Amino acid sequence: MQYMHIQCATSCSTAFNDPKHTSKRAKSWFQTNRIQVMEWPAKSPDLNPIENLWADIKNAVYEAKPRNAEELWNVVQLSWAAIPVDRCQKLVDSMHHRCEAVIRNCGYATKY
């Protein structure tokens, strides 16, 4: 797999097409502070393995049906602590294949 390098004269940021990043005020702030913002498609494949873990926690919350903020916090803490190390390792190990899939699909969604 070839590696792609992104070089910036100053610093780079990604804007994810989130309204809080694309408002006139935010754009002005980035420009004033000389921060180069990389274009990022709205529904780009997320190559961050933590997203899979957030989904695991979200599922645990739905299953537990917490009735208040304290129960919610407890479910989140317990489900986070229960994530096996090998689950994390498998997600990290999958990054090579994820990157290749994104490149093959020219940046469009993949099975990941």
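Worth a mention:
- Orientation-averaged projected area, Cα convex hull of region 50-104 (nm²): 4.3
- Each residue of region 99-106 was assigned a 3J(HN,Hα) from its phi angle through the Karplus expression (A = 6.51, B = -1.76, C = 1.60, θ = phi - 60°), giving 4, 4, 5, 5, 5, 4, 8, 6 Hz with x at Gly and Pro.
- Footprinting exposure proxy for Thr32, Thr110 (fewest neighbouring C-beta atoms within 10 Å first): Thr32, Thr110
- Legend: distances between Cα atoms for Lys58/Lys111; Lys58/Lys90; Lys24/Lys58; pairs beyond 25 Å are Lys24/Lys58.
- In a fully extended conformation the segment linking Trp73 and Glu51 would gain 6.1 nm over its present Cα-Cα distance, using 0.36 nm per residue.
- Here the simple spin-label model places points 7 Å from the Cα toward Cβ, and for Asn33 and Met95 these points are separated by 2.5 nm.
Each reported figure results from applying straightforward, stated rules to the coordinates on display, with no laboratory input. Note that the structure is predicted; figures quoted are calculated from it, not measured. Every residue, glycine among them, receives a Cβ derived from its backbone with ideal geometry; neighbour counts consider all protein chains shown.
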